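Here is the structure we will look at.
Quick note: the coordinates plus some simple rules give every number you see, no bench work behind them. Predicted model, so just to flag it, every value in this text is computed and none were measured. All Cβ positions, glycine included, derive from the backbone under ideal geometry; neighbour counts span all protein chains shown.
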Amino acid sequence: MTTGLTLDDLQRPARAVPRLADVARLGLDREAERPYLRDIVDEVAVRLDAPFALVDVLLNTAQIFIAEHGERPEWLLESGGTPMEWAFCLPMMTTRAPHAVADFAADPLFRDSPLVTVVGLRSYAGAPLISHAGHVLGGLCVLDVKPRRFGPEELLWLQERAAEAVERIEERAAGD
């Protein structure tokens, strides 16, 4: 639960130098599609019946997407990511647990985000990507353009898929 926390509070752990070093160790410090994660985001989108699924990584001041299902708006494609304060996975930086928002229009942290007001995203479910070193790298998430609730079983399954994504990321880093 993020009650009482501000976006600044949530961004602080993302900017920790050891976490950023772990992001770099894993080769996640630049935007590039990771094809070895594509089947995971496709499976997540289909199973949770959502138009968008993605794996995102938080850098020092930005969020980048390294695998995705669904079409991003052209302006978002051109930017290569978003400012960190738009990252719906920010609460997981402190909770280290799956997180869901049934309706962003009622969410005090993100209701004014351009991803809500311009793109039209309304609901979210995400699970943290936790590296072998114990750092939250970002998240595996689904997004919908309509309000909806995600149940505990769906969040648990999403966490299992996030763990699989981390295993693949770690294996790639070890092989480089």
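About the Cα centre of the chain, what is the dipole size in debye to 20, counting +1 per Lys and Arg Cβ and -1 per Asp and Glu Cβ, all else neutral? Don't skip to the answer; put the middle values down first.
On the way: 18 positive and 28 negative charges, 72 e Å.
The calculated dipole for the chain is roughly 340 debye.
For a quick check: with amide H placed at 1.01 Å from N, whose amide H comes under 5 Å from N60's, ignoring anything fewer than 5 positions away on the same chain?
Here nothing satisfies the definition.
Loop sites only, by DSSP: take the trypsin sites (Lys or Arg not before Pro) in the chain that have at most 15 other C-beta atoms within 10 Å and name the longest stretch containing none of them.
Value returned for the longest uninterrupted segment is 31-95.
Just want the ordering: D144, D29, from fewest to most Cβ atoms lying within 10 Å of their own Cβ.
Lowest to highest Cβ neighbour count: D29, D144.
Roughly what would the spin-label model give for V145 and N60, points 7 Å off Cα along C-beta, in nm?
Going from the V145 label point to the N60 one covers 3.7 nm.
Distance between the C-alpha centers of the stretch 140-154 and the stretch 9-36? Whole Å please.
Cα centres, the stretch 140-154 to the stretch 9-36: 24 Å.
Which residue, A97, A24, A125, tops the fluctuation ranking in a GNM of the chain built on C-alpha contacts under 10 Å?
Answer for the Gaussian network model of the chain: A24.
Label R172 and E153 with points 7 Å out from Cα along Cα→Cβ: what is the distance between them in nm?
Label at R172, label at E153, 3.2 nm between them.
Starting from the amide H of R122, placed 1.01 Å from N in the peptide plane, find each other amide H under 5 Å away whose residue is 5 or more places distant or on another chain.
When sequence neighbours closer than 5 places are left aside, the close amide H contacts are D144, V145, K146.
Quick one: net charge of E85's neighbours, Cβ under 14 Å, K/R +1, D/E -1?
-2
Using Cβ contacts closer than 10 Å as the measure, can you line up I66, I130, I40 from fewest to most?
Result, fewest neighbours first: I130, I40, I66.
Pop a pseudo-label 7 angstrom from the Cα along the beta-carbon direction at both A21 and T95 and give the gap in nm to one decimal.
3.0
Per the helix-only calculation at 222 nm, which mean residue ellipticity applies to the chain, given -39500 (n - 2.57) for every DSSP H run of n ≥ 4 and division by its residues, nearest 500 deg cm²/dmol?
-10000 deg cm²/dmol
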